[in-house]
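Let me begin by presenting the structure, written as structure tokens, before commenting on it.
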Amino acid sequence: DVLDPERLIQCPYNKHHRIRACRFPYHLVKCRKSYPEVAKELATCPFNARHLVPQADLSDHITKCNDKGFIEQDIVNQFSGFQREQMNAVSTWQAPPCDEDWETESLEQSDSPFVW
């Protein structure tokens, strides 16, 4: 079960390390400092920071990553929620009253010549 916090996960820095899923993020931080040469060769998945893969395999991992679907669905949900908010939003803006009367002003100024 992917959601089981007691499930054992293999460390990407040292293949002999097997860590419980609930402790895995903490272990990654600690192990990254202990194995800086291995850390330089690994890339982090943009969909799940727990996925560390060789840099050469990152693009392949991105296309197959199971967590990509969760992110894409989240984006779709946010976008549709935003659209609903836009449709339900009612503008309360009102134009301020206008005291100008261009017709009257043009008649009053018709005697004076236009000066640039």
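Laid out as a table, the results:
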quantity	calculated
Matching residues, the stretch 31-78, being over 20 Å from Gln10 (Cα atoms) and aromatic (Phe, Trp, Tyr)	Phe70
Residues of the stretch 31-49 satisfying the condition of being surrounded by 15 or more Cβ atoms within 10 Å (Cβ to Cβ) and among the basic types (Lys, Arg)	Arg32
Members of the stretch 3-29 found to be open to solvent by 60 Å² or more (accessible area, probe 1.4 Å) and under 13 Å from Arg50 (Cα atoms), listed by number	Gln10, Arg20, Arg23, Tyr26, Val29
Listing of helices (runs of 4 or more DSSP H) fully contained in the stretch 23-94 that carry 3 or more residues being modelled with pLDDT of 90 or more	24-34, 36-41, 58-64
The stretch 57-73 residues that are touching a residue at least 12 places away in the same chain (Cβ under 8 Å) and under 12 Å from Pro46 (Cα atoms), paired with ones that are among the β-branched types (Val, Ile, Thr) and surrounded by 11 or more Cβ atoms within 10 Å (Cβ to Cβ) (beta carbon under 6 Å, 6 or more apart)	His61/Val53
Count - residues of the stretch 51-66 that are surrounded by 14 or more Cβ atoms within 10 Å (Cβ to Cβ) and under 23 Å from Tyr26 (Cβ atoms)	5
Pairs with Cβ under 6 Å, 6+ apart, first in the stretch 19-47 and basic (Lys, Arg), second part of a helix (DSSP H, G or I) and open to solvent by less than 40 Å² (accessible area, probe 1.4 Å)	Arg32/Ala39
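The values are calculated or read from the model by the stated rules, or taken from the named source; none is laboratory data. These numbers were taken from a predicted model, which means no experiment stands behind them. Because the Cβ atoms are built from the backbone with ideal geometry, glycine has one as well, and the counts that use them run over all protein chains shown. Protein only, heavy atoms only, side chains kept; ligands, DNA and RNA dropped before computing areas. Shrake-Rupley method; radii C 1.70, N 1.55, O 1.52, S 1.80 Å.
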